[in-house]
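Only one structure is covered here, and it is reproduced in the block below.
Here, each number is a calculation from the coordinates, and none is a lab measurement. Keep in mind it's a predicted model, so treat the numbers as computed, not measured. Cβ: placed from backbone, ideal geometry, glycine included. Neighbour counts: every protein chain shown.
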Amino acid sequence: MKQQAFVPAHEIRASFTAAMSEMYRTEVPAYGTLVDLVEEINGETLKGNTGLKQSLTLSGGLERLQDERHGAIRLGKPEELSMMRRVFAIMGMLPVSYYDLSIAGIPVHSTAFRPVDKVELEKNPFRIFTSLLRLDMIKDESLRAAAAAVLEKRDIFTNGAYVLVEKAENEGGLYAEDVKAFVAEVLETFRWHSEAAVSEELYERLHSAHRLVADVVSFKGPHINHLTPCTLDIDKVQADMPKKNISPKAVVEGPPSRKCPILLRQTSFKALNEQVNYQEEDGSFKTGSHTARFGEIEQRGCALTPAGRALYDELLLKARAEITPDASGENAGVYIENLEKTFADFPDTWDGLRREKLAYFVYSLTANAEGIRLDTAVPLEDLVADGLVEFAPVIYEDFLPVSAAGIFQSNLGDEAAQDFIELPNKALFENALGAKVLDEFELYASMEEASIAACFAGLGLKGRAA
Ligand code: OOG
Ligand code: NI
């Protein structure tokens, strides 16, 4: 009998992403409208041919563009995070980077689960920003205890999910007959529940500590709070959103529009006000509302080296110190103008970014290199200059750095950041996760290194000249 093969992780990931996108479309109709708008504008952009080659290089090709999404969830306790790590591992998604949001006044810390190798990323790049609540940042001791007690009682995963995760771990993968069930069981965890697990009174107390605390603690599960399609022209989608009755945030977050896009740019529409039912002590329900879920779009650029990231942070902070975008949108025009002016100090040609080692690139042999064998090592630059080797930017696969970005606070509403006890703790996060997070810079650097090694090998050389 022919032995049955495991379903590849990227196929499980693609099925899960499609199922979640479908679910979110019915839960949040504005998301469906946004996806349609993004598809329409991607189509027009491709037809218009503007910067087509570059956009496609950066997005990893047309096929990937259709699947491109990111999402976000917020978890309440360590066991939830470690189980989530096991679930995502089956989809080929590993924890990359540590994001300490306490520096933005938000009581969570986070990682991004995503595929890490080149082939996996090309097949399906789905990534999910995953946060863990920092109960220790709630100052009021009795509230902290009440929140912990509510979380203690809940289990966000179905029995079926536990069974299939264990099966996949024990056997080394999932067979086709289990994949459908696995996707359906895991999807349950991401579903919206309008029945709260707390009374109105407790909800209000949690909410006044921080609206995120209320969002995590009050519900039976970590509802997916947004899904973000990828656009080839974020400025156009931003401009067209009001025509579809979606009101976007005042300005696009991240770097300004450039010839050579860097990191990522994103914009969102405000969280929905949704009806929920609080569960009162006497067993009755009380109607109320909660804002959590929103829509967002993104456009990706190239991954920056630590030096590039430092320059990005410096320029973004400088621009924002001069003009901070107002939530009303009143100063959006001057903010954008000033941002573009400030970023004039960031090289805007691929070769400039490469020569100054501000961004990562992958190298490949050109058609001229066909049949050529070298017997002495030469510097990479000579091969580029001789037209034997060409380069393309590495796509940034992660999230906007917390240090300089305003996105997190503005996702939650535009009120001022609340004051919390600060205790940054990557080790605590990794303990909860049950694993170390991978270093995104190392991942990008090794992609670049591997591509260079392949070029030299292709020319018959063992290594490059220093
Ligand atoms: C996560 C926000 C992070 C992004 O695009 O930067 C994120 C959250 O609000 O839970 O998704
Ligand atoms: Ni997002």
Give me the log10 of I(q) over I(0) for the stretch 79-120 at q = 0.32 Å⁻¹, as the Debye formula computes it from C-alpha points; what are the numbers?
-1.05
Footprinting exposure proxy for Thr287, Thr158 (fewest neighbouring C-beta atoms within 10 Å first)
Thr287, Thr158
Kindly express, to the nearest 10 degrees and within the range 0 to 90, the angle between helix 176-190's C-alpha long axis and the longest C-alpha principal axis of the chain.
60
Let me check I have the definition right: for the stretch 200-320, take the eigenvalues of the Cα gyration tensor, multiply each by 5, take square roots. What are those semi-axes in whole Å, largest first?
36, 18, 12
Per the rule of 0.36 nm per residue minus the C-alpha distance, extending Asp240 to Glu280 adds in nm 10.1 nm
Non-local residues with an amide H under 5 Å from the amide H of Val96, with H modelled 1.01 Å from N and Pro and chain starts lacking one, are Ala112, Phe113, Arg114, Leu438
When only alpha-carbon atoms count, how far does the stretch 234-300 stretch along each of its three principal axes, as whole angstroms with the largest first?
61, 26, 14
Log entry: pair-distance distribution for the chain, C-alpha pairs binned every 20 Å from zero, whole % per bin is 22, 55, 20, 2, 0
Eligible lysines near Lys153 by straight Cα distance, threshold 28 Å, same-chain separation 8 or greater:
Lys77, Lys139, Lys167, Lys220, Lys286, Lys426, Lys436
With label points set 7 Å from each Cα along the Cα-to-Cβ direction at Glu356 and Ala18, the distance between them in nm comes to 4.4
Grab the Cα-Cα distance for Phe6 and Glu171, subtract it from 0.36 nm times how many residues apart they are, and report the gain in nm with one decimal.
58.5 nm
Pair Phe441, Asn368: separation of 7 Å Cα→Cβ label points (nm)
3.3
Label points 7 Å out from Cα along the Cβ direction at Ala344 and Leu317: separation in nm?
2.3
Here the FRET efficiency for Ala145 versus Ala392, based on Cβ atoms and R0 = 56 Å and rounded to 0.05, is 0.55
